[in-house]
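Asks: One structure follows; several queries about it will come next.
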Amino acid sequence: MKLLVNLLFCTFITINFVKAQIPISSLLKSNYFLVSEKTKFQEQVKPSFFEERISSETRKEHRESFVIERFIRFKEKGITESEYTRKYKLDSEQILHWKDNSAWIEIDRKKKNQTGLLCGKKGIINQVLILQKNTNIPATEIYSLENDSTWFIVFKPELNCVELESTGNTQRRYMLGHIYENMGNIRPGIALGDLLNKQFSIGDKLQILYTSEFIDSTGMYFIKKPNQLMEHTILKKWNDLGNENVTFSTWVNNIQSGTRENLGEKTISIFEDAIIIGNDMMIGDTLYTSQLKIMPPLKDETLHPFNPLENLFDPLIIAYWNETDSLKNKKITYNSFWTNNYLGRVCWLPDFPILWRDNGENIQGQIVYYKKDTIQVGEEFIIPTHTELHIDEISLYKNELLMKISSEKSTDIQLTIFSQSGEEIKLDKSIIKLNAGKTQFSYNLPNIQMNETVQIKLNMNNNNNDLIQEYRIMSRENN
């Protein structure tokens, strides 16, 4: 329950400029629901099967309007396992649901505590309201059984829908957002799609644009705003014992601040029947499809949003499907999968098996540019020019911090670095003299451990110590 509340607090993220507006009603185009069950050894759930709403109609009964919906269940798209009916009534005072003509939910929204029915189970029901940062968005409502908080529902008033039902070991989630509009083929264990392309050229490039989505101040629209751009570029190729190796670099560009973080270089080893990415992932060709395997690391490590696999502990792939992005009217199909310990997807192109990852439903990654040899698809995304004083480039490999700071004029600034525990790290030189243009410098941080995150703080060297920028970065190995 604590995890659920934390996730809900992060649902809406505000960034500085508008990219596009989408009516909220379009979110509800998705007819899909994901039903998940808990694993034996952990609290997290894994996809078990999907439900698809195949019909919906409004009926009047005893002068009241009810919505009647029919659902099918399936594990593999196109193969129905069962059908059933749901009836519901949602208004400002109550949430009423019936499942196959049996009462399922009976809740009075005006009461903090009440005796009612939640997912077919009677008992004392408690209400918790999760306030949103945007005051025009009504609070998310969570109703749970007092004697068993693993039984709960999450109600979204702005969308007028029950987003999540939990009955102890089973959860049913409304799959909101464009990320779920095209389910494709669900076949756990096999990633459907083309066979891997093992031919690469120096200069091949893939751009993934991450956008944030949230409701605007009117409560009528979802706003999509560019957040970060991830760039993968192939730098070199060489042959080792008959097997080809390819090295590519990865940069993450923060569109709002103008800071580019270098995540270092990675190696793809290309064998006759598989591609191995780093020490984490192997994609092997079968006769008609690509099959995926993740090699678990040696120790438990902290998750990092831009290294999809290298920090996962004992990962288990639990669902695959295909997705499609359209660039300049050309459709690009890529593979998506979920693991047992992360809520977002991990994706790769069969034609360019470099990974990217979504961070949940409100942070979405989409292919915007793709270059393979002489073929170019989409338009290369250009980061807006930032003229104010800011970190232009940054990297932290093991203990060496490299920074390039951009400034319009010569000035002095103060650098402060904090460890992951919040302690200030002593520096030999904390005052930095900047020239007009870009100034590059480095620091050695001997006590920083691998995968530890440090906080970097830049202030003006004046009486007010005006804050310039803060940045968090994780220490990592370069290849």
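Asks: Sort through S92, S65, S36, S55 and tell me the only one that's out of contact with any Leu (no Cβ under 9 Å at 6 or more places or on another chain), modelled with pLDDT of 70 or more and assigned to a loop (DSSP other than H, G, I, E, B).
Replies: After applying the criteria, what remains is S92.
Asks: Checking the structure you have, find out if any residue of region 218-241 is modelled with pLDDT under 65, among the hydrophobic types (A, V, I, L, M, F, W, C), crowded, with 18+ Cβ neighbours inside 10 Å and not assigned by TED's automatic domain parsing to the domain that holds A139. I'd like the intermediate steps shown before the answer.
Replies: Filtering region 218-241 for residues modelled with pLDDT under 65 gives 218-222.
Then drop every residue that is not among the hydrophobic types (A, V, I, L, M, F, W, C), which leaves 220, 222.
Going one step further and asking which of them are crowded, with 18+ Cβ neighbours inside 10 Å, we end up with 222.
Narrowing the set further to residues that are not assigned by TED's automatic domain parsing to the domain that holds A139 leaves 222.
Within region 218-241 (the criterion being modelled with pLDDT under 65, among the hydrophobic types (A, V, I, L, M, F, W, C), crowded, with 18+ Cβ neighbours inside 10 Å and not assigned by TED's automatic domain parsing to the domain that holds A139), the answer is yes, since at least one residue qualifies.
Asks: Select from region 122-149 the residues that are β-branched (V, I, T) and surrounded by 15 or more Cβ atoms within 10 Å (Cβ to Cβ) and list them in ascending order. Even if it seems obvious, please write down each step before you answer.
Replies: Residues of region 122-149 β-branched (V, I, T): 124-125, 128, 130, 135, 137, 140, 142.
Passing the criteria: I125, V128, I130, I137, T140, I142.
Asks: Let me ask another. Out of all the residues in region 106-121, is one or more at pLDDT below 90 and either surrounded by 18 or more Cβ atoms within 10 Å (Cβ to Cβ) or part of a strand (DSSP E or B) (or both)? Don't jump to the end; show me each part of the working.
Replies: Filtering region 106-121 down to residues at pLDDT below 90 leaves none.
The answer is no, given that none of the residues of region 106-121 is at pLDDT below 90 and either surrounded by 18 or more Cβ atoms within 10 Å (Cβ to Cβ) or part of a strand (DSSP E or B) (or both).
Asks: Of all residues in region 250-265, count the ones that are surrounded by fewer than 18 Cβ atoms within 10 Å (Cβ to Cβ) and more than 20 Å from T385 (Cα to Cα).
Replies: 2
Asks: A follow-up question, please. For residues that are assigned to a loop (DSSP other than H, G, I, E, B) and modelled with pLDDT of 75 or more, tally how many sit in region 199-217. Give the steps one after another, and end with the answer.
Replies: Taking region 199-217 as the starting set, the residues that turn out to be assigned to a loop (DSSP other than H, G, I, E, B) are 199-204, 216-217.
Subsequent filtering for residues that are modelled with pLDDT of 75 or more retains 199-204.
Number satisfying all stated conditions: 6.
The values are calculated or read from the model by the stated rules, or taken from the named source; none is laboratory data. Since this is a predicted model, take the numbers as computed values, not measurements. Please note: Cβ atoms are built from the backbone with ideal geometry, for glycine as well, and neighbour counts cover all protein chains shown.
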